[in-house]
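The values are calculated or read from the model by the stated rules, or taken from the named source; none is laboratory data. Just so it is clear, the structure is predicted and the values come from calculations on it, not from any experiment. Cβ placement follows ideal geometry from the backbone for every residue including glycine, while neighbour counts extend to all protein chains displayed. With ligands, DNA and RNA removed, areas are computed over all heavy atoms of the protein, side chains included. Shrake-Rupley method; radii C 1.70, N 1.55, O 1.52, S 1.80 Å.
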Amino acid sequence: MKKAISIICTLLLLAFTLSSCTKANTEYAGKTVTGKITSIDKSTVTLALGEISENTEMPSPPSDGGQSDNGQGDSKAPPEKPDNDSQNGETPPEKPDGDSQNGETPPEKPSGDSSDSSADKNAPNGDTDNAPSGGAPGGNVPGTGAPGKAVFTESGETAEVSLKKATVTEASQNIEISALSVGDIITVTFDDKGKATSAEKVNSENGNSSSAADSTAKSANTIDSDGTYSDTAYYSVGDDENALLIDGKTVTLENITVNKSAGASSNTENGDFYGINAAVLVKGGAVVDIKNATVSSSAQNGNGVFCYGSGTTVNISDSTITTTADNSGGIQTTGGGTTNAENLTVSTAGNSSAAIRSDRGGGTVNVTGGTYKSSGYNSPAVYSTAAITVKDAVLTAENSEALVIEGENSISLTNCTVSGNMSDTKGTSSDENVHNVMIYQSMSGDANVGTSSFAMDGGTLTSYNGDMFYITNTVCKMSLSGVTLTNNDPDALLMNVTGNSASHGWGTAGKNGADVTFTANAQVLEGKIRVDTISKLNMTLSGGSIFTGSVNIENNNEGGEAVANNAVITIDSGCTWNLTADCTVTSLTNNGTINFNGHTITLADGTVLS
């Protein structure tokens, strides 16, 4: 009898628990709601609820912070000036590679295949908590967009919704939950028990655009049949127009020439995220092989070869890609696409124009051989919001940091020759730090919050100015093995693990430190390592590594509350640390050799080693 009662009680408790798990959404049973994603935890999203309505007000004229005429018929507030000489306090800073992200969610993509130059001329009015104010001056003001556009207005209510059993779509195509990002606007439909059965990513002017309007991308030339095409030239001079578009087809291109010599982009984000105005745009699940091609673009926001969307693959080899205007990367991958590149010669001259570039939605990029050079400011050789692997290539940034990783993404290099030369004064993040490799989270919604990964095996990494590594506002795993490191700036740090001022929207000042796990294997290291009090470094020397330098914990510049285990150092057997100055670390495990050279190591418990 007691056993039966116990079983009944257990069942009642389980029923109550299950009921409480779904209770939060029972008020939406049989309903459809719209909300902006404010956080994502696996299959559960938190929504700021609201509604999408058509804007009927006329847009306000640009203030002094805007741009009434940029010579392209574009009245939207421009991105930061390429030379970054002047800031008006209203135009937001670009991302470090100048991928023209302003910390906001992107505007609605161009609607319709129309030549109406008045379409989509207004900067986004998005709003994220930690991002700098952006878009049109005044930030997120309902009703300031172009008439007829959808505007999302928050109601003040929030809801936590599990999409585990829901069908998630975008433009009537199924997508993975992982394709959603913070800032996206979704419409969720619940069954009569309050469980989400479907979710659709939708458009709004001040929220992330979906790809619903993507099919309306214009092109001077479109390949709409599977097959092989060779010895053909494709040209474009039109606004928001691709020289060559391939949508959903299986195509081989050989010995082709593509030239995007003119044509304005009406919206930078549409070019950055979706490939509008690129020389070559491949999307819609297309699989395209490109061999012995010559691709050139001199149009602003005119990326070279652009791969967009989950299931889309570009295989490109033995080709030359040249771009000369701002916001024009060499090869670009977004929205979950895959780019495989071999033996390319890529050169970009504009600002905000990484040679190997990715943006919102990321994807996979595999590069083997070739040379990749950028010469503009905010234009690293590689900017990653994707999983990027490069082998046996030369990567050169003449006026920028060499490499940037944003958020839960990666760069893996094998036997590469890499160099960067970031300016002290030019470039949007030089006021925060000058560096050669930057690993960070921008909080713009372009990259998921998570662990960044940087690995380099063999090859050389050279910095002509600034700290070799700068890591802020992210968790990071780093590994170096047999890399020749050269820093030509005698005053710079080997590694700066630190919070930042948040002036660029990179988290909250005093709470935006980094958490770095760094392994050096068969590696020679030289220089100073700084860890601020709101950051963590767990550093291991292994495989006979030799470190000549110092590690010190320093106060966070913004007065943030200190965390534990700022600097945990492990020296494996056969490894050596040669001190060049007094050091402060949290703890030390030494199974190798420490040459103090007259200096000391002070541990967190007050122990002084010498």
* Asked: Does Ile546 fit the bill of being open to solvent by less than 60 Å² (accessible area, probe 1.4 Å) and without any contact (Cβ under 8 Å) to a residue 40 or more places away in the chain?
  -> no
* **Where Val390 falls short, out of the listed (1) surrounded by 24 or more Cβ atoms within 10 Å (Cβ to Cβ); (2) within 29 Å of Lys511 (Cα to Cα)** => (2)
* Kindly indicate the residue of the range 1-51 that is open to solvent by less than 60 Å² (accessible area, probe 1.4 Å), assigned to a strand (DSSP E or B) and of a type outside the set (Val, Ile, Thr) and also modelled with the lowest pLDDT among those meeting that condition. => Ser39
* In the range 394-410, which residues are in a strand (DSSP E or B) and farther than 21 Å from Gly507 by Cβ? -> Val394, Leu395, Thr396, Ala397
* **The listed residue being of a type in the set (Gly, Ala, Ser), under 28 Å from Asn174 (Cα atoms) and open to solvent by 20 Å² or more (accessible area, probe 1.4 Å), out of Ser310, Ser375, Ser317, Ser358** => Ser310
* If Gly302 satisfies every condition in (1) modelled with pLDDT of 95 or more; (2) in a loop (DSSP other than H, G, I, E, B); (3) surrounded by fewer than 23 Cβ atoms within 10 Å (Cβ to Cβ) but one, which is the exception? -> (3)
* Asked: If you check Ser423, Ser453, which single one turns out to be open to solvent by 20 Å² or more (accessible area, probe 1.4 Å) and under 22 Å from Leu480 (Cα atoms)?
  -> Ser453
* Structure fact -> Note on Asp272: of the conditions (1) buried (at least 24 other Cβ atoms within 10 Å of the Cβ); (2) of a type outside the set (Gly, Ala, Ser); (3) at pLDDT 95 or above, unmet is (3)
* So Gly376, is it small (Gly, Ala, Ser), over 27 Å from Val475 (Cβ atoms) and not in a loop (DSSP other than H, G, I, E, B) -> no
* Any chance you could count how many residues in the range 417-459 are under 14 Å from the mean Cα position of the chain (by Cα), in a loop (DSSP other than H, G, I, E, B) and not hydroxyl-bearing (Ser, Thr, Tyr)? => 8
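To keep it simple, each residue is scored yes or no on (1) in a loop (DSSP other than H, G, I, E, B); (2) at negative phi; (3) surrounded by fewer than 17 Cβ atoms within 10 Å (Cβ to Cβ); (4) in contact with a helix residue (DSSP H, G or I) (Cβ under 7 Å, 6 or more places away or on another chain).
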residue: Leu541; (1), (2), (3), (4): no, yes, no, no
residue: Asn557; (1), (2), (3), (4): yes, yes, yes, no
residue: Val563; (1), (2), (3), (4): yes, yes, yes, no
residue: Ser573; (1), (2), (3), (4): yes, yes, yes, no
residue: Trp577; (1), (2), (3), (4): no, yes, no, no
residue: Thr589; (1), (2), (3), (4): no, yes, yes, no
* **Criterion (part of a strand (DSSP E or B), charged (D, E, K, R) and modelled with pLDDT of 95 or more) met by exactly one of Lys477, Lys511** => Lys477
* Asked: Which residue pairs have Cβ atoms closer than 7 Å, lie 6 or more positions apart in sequence or on different chains, and pair a first residue in the range 330-343 that is assigned to a loop (DSSP other than H, G, I, E, B) with a second residue that is aliphatic (A, V, I, L, M) and modelled with pLDDT under 95?
  -> Gly336/Ala179
* Index of the failed condition, Ile316 passing every other in (1) in contact with an Asp or Glu (Cβ under 8 Å, 6 or more places away or on another chain); (2) not in a strand (DSSP E or B) -> (2)
* In the list Thr389, Thr364, which residue meets the criterion of being without any contact (Cβ under 8 Å) to a residue 40 or more places away in the chain, more than 25 Å from Gly482 (Cα to Cα) and in a strand (DSSP E or B)? -> Thr364
* Count, please, the residues in the range 266-285 that happen to be of a type outside the set (Val, Ile, Thr), assigned to a loop (DSSP other than H, G, I, E, B) and closer than 18 Å to Thr334 by Cα. => 7
* To do: Determine if the range 257-270 includes at least one residue that is under 23 Å from Asp446 (Cα atoms), touching a Phe, Trp or Tyr at 6+ places or on another chain (Cβ under 6 Å) and without any contact (Cβ under 8 Å) to a residue 60 or more places away in the chain.
  => no
* Filter result (of a type outside the set (A, V, I, L, M, F, W, C), in a strand (DSSP E or B) and open to solvent by less than 20 Å² (accessible area, probe 1.4 Å)) within the range 240-265 -> Asn242, Lys260
